[in-house]
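A short worksheet on the structure shown next.
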Amino acid sequence: MEMITTFNLTKQYKGQGGCREINLSVPSGHIFGLLGPNGAGKSTLVKTLVGLLQPTSGSALILGNPLGSYKCREKIGFLPELFSYQKWLSAEELLTLHGQLYKMTKQAIKKRIPEVLTLIGLTGTEHKKVGSFSKGMQQRIGLACALMNEPKLLFLDEPTSALDPLGRRDMREIMLNLKETGTTIFLNSHLLSEVEAVCDQVAIINKGRLVAVGEMEELLTKKCEVEIELDTISPEFQREIKEWGKILAIQNNTLQIQVADKETVPLLAKKIIEAGYKLYNLHYRHSSLEDVFVQLVEGGEQQDVDHS
Amino acid sequence: MWTIAKLTYQEITHRRVFHLLLLLTLGFLLLYGLGLHYAYQDLPKDGELARIITTEFISIGLYLSAFITAFLTILGSAGIISAEVESGIIQTMLVKPLKRWEIIIGKYLGISIMLIIYGTFIYSAVLGLNYYFGREFYFLYKWNTLKALGLYLSIPLVLASVTMWGSTFLPTLNNSVMVIILYGISIIGGFIERAGSFVDKTALMNIGIITSLLMPVEAMYRKMLNVLFRSAPGQFTIFWDSFFSGKYEPSKWMLVFTVFYILFFLWRSISVFSKKDI
């Protein structure tokens, strides 16, 4: 089942900024990462999906229900990027409040509070005032509030922005644990390493438009680089190898080539050996998410410069 | 909706400005009580004149207490939506299975409950102090006292509805300024209308009526005094044309207008907030 499906979803502010014609599909049980440079429209898209912003045009289905509908909000959780909570409430009172807002019964709230506190690692802080929490603890309690209703779909908007490296690692573990329990996570983050570590699927947005979307594996192996060391690199070999990909660099007897995908690599090795060259070294490297991101975002900007 | 109402009530009563106002209220009641203590000692024993002076004492007390209540209302509710939008608190609420009108009505109920408790306390304290120090001159009819309380409480409820509306689209500070200016216009309009009624100048009275339509708090204050000082059925009326109450009592249509005024601003608050991008 698709947890999120958008159809040309657009949200603009007085005809500018925001996000435009977004077509996404997020399957159940996945961690879906949304990436983009600052001001690309990521937060606008997240806020539109959770119903905080009214779309300018297009539509979307969240858990099979129309965007912003009462029914879909029963089963979603949301941790905003910039948020604060009632500082005068204790952690337990805050979680009770959010349970009540989710219209949970008293018994269900009582049962759920220790569960979420254990999950986010704040056991023992039930009676502490939220105002006395550190930034990292506030981020965690925010996540606990979003998890009170055992959401099927969890939106996290920059969830590790206030966390130290250990906190980030814990947050990654929490996300992976939630995925294990069947929760779908829509993660908006500018931390590429974080997205690369936990996400199954990723979408990259630039200047309000989707520039790439797909399985993480597929995106990373879209363009692979192969380094080949031979006994000699003749002009004839260079001509032949151009059929397999784009030559990036040649230095002495080492050649770097960009091939279409991972499956091309063994075929290329076979071809070299069959042609009678001596193959001393073949090193295959797929792109990092950062490579893909930089290429797509800078590529888009270059295109804009060329058009202008 | 009741969860929001309870939260709003708790939120306001946790604010420093509320605690400060409570302290100031106690200071005001202490000074007022001290004044009444000495004033009633020297009051002439002539029943008619003493009653007239008593109405003035009560009017002054209620006027100042209504002023404090109005400021509590404005300062307590100016950021009721806007401050939560600015801090991000509202984001976590709006994604819950709640209708936006439930948030507006819940918040209005929360602040209204606090204002009703506070207003009833300060109104009762003013009348109670007058009863304590001037028992022999006391003449108020209990049912009128209750009816007048209802009118007295309508003042903060009107202000809260306008402040709520402003808070849906204005930043907290701008909203406070807007409502204080409207409240000021209403008070000045009330003065002009009273002055007009004493010198029988229709133009002045019309200015007062127009400002009452802009914000009917001053009209409700005058109606409250007229009802409060009305005698019990079968007794002769001791009411006189006080500076505070004016010569003419606002009609029952002004009361109906006030009810619709509150409903209109609540409806506008819901309407603006429902379409608002957060």
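The values are calculated or read from the model by the stated rules, or taken from the named source; none is laboratory data. All values derive from a computational prediction rather than experimental measurement. Note that we place each Cβ from the backbone using ideal geometry, even for glycine, and neighbour counts take in every protein chain shown.
Annotations for the structure displayed:
- Counting only helices (runs of 4 or more DSSP H) that sit wholly inside the range B:43-100, those with at least 3 residues that are away from chain A (no Cβ under 14 Å) and aliphatic (A, V, I, L, M) are B:47-77.
- Test: A:T181 is closer than 27 Å to A:L24 by Cβ, of a type outside the set (G, A, S), touching an Asp or Glu at 6+ places or on another chain (Cβ under 9 Å) and free of Cβ contacts under 8 Å to residues at least 24 places away in the same chain: yes
- Leading residue by the ranking (surrounded by the fewest Cβ atoms within 10 Å (Cβ to Cβ)) among those in the range A:55-80 that are within 15 Å of A:R20 (Cβ to Cβ) and within 11 Å of another protein chain (Cβ to nearest Cβ): A:T56
- Helices (runs of 4 or more DSSP H) contained entirely in the range A:95-197, each with at least 3 residues that are surrounded by 19 or more Cβ atoms within 10 Å (Cβ to Cβ) and within 14 Å of chain B (Cβ to nearest Cβ): A:135-147
- Test: A:A212 is within 14 Å of chain B (Cβ to nearest Cβ), in contact with a helix residue (DSSP H, G or I) (Cβ under 7 Å, 6 or more places away or on another chain), modelled with pLDDT under 85 and outside any helix (DSSP H, G or I): no
- Here A:V26 clears all of (1) β-branched (V, I, T); (2) within 12 Å of chain B (Cβ to nearest Cβ); (3) buried (at least 22 other Cβ atoms within 10 Å of the Cβ); (4) more than 24 Å from B:E84 (Cβ to Cβ) except the condition numbered (2).
- Meets criteria (buried (at least 18 other Cβ atoms within 10 Å of the Cβ), at pLDDT 90 or above and facing chain B (nearest Cβ under 10 Å)) for A:Q86: no
- You will find that of A:Q251, A:Q201, A:Q256, the residue that is over 26 Å from the mean Cα position of the chain (by Cα) and surrounded by 14 or more Cβ atoms within 10 Å (Cβ to Cβ) is A:Q256 and no other.
- Within the range B:106-115, restricting attention to residues that are surrounded by 19 or more Cβ atoms within 10 Å (Cβ to Cβ) and not polar (S, T, N, Q), the residue that is nearest to the other protein chains (Cβ to nearest Cβ) is B:G106.
- For A:S134, the conditions (1) over 25 Å from A:T105 (Cα atoms); (2) touching a residue at least 24 places away in the same chain (Cβ under 8 Å) all hold with the exception of (2).
- Those residues of the range B:182-204 which are touching a residue at least 40 places away in the same chain (Cβ under 8 Å) and among the hydrophobic types (A, V, I, L, M, F, W, C), in sequence order: B:F198
- Any hit, the range B:147-165, residues being surrounded by fewer than 16 Cβ atoms within 10 Å (Cβ to Cβ) and touching a Phe, Trp or Tyr at 6+ places or on another chain (Cβ under 6 Å): no
- Residue check, A:D261 surrounded by fewer than 16 Cβ atoms within 10 Å (Cβ to Cβ) and closer than 21 Å to A:V294 by Cα: yes
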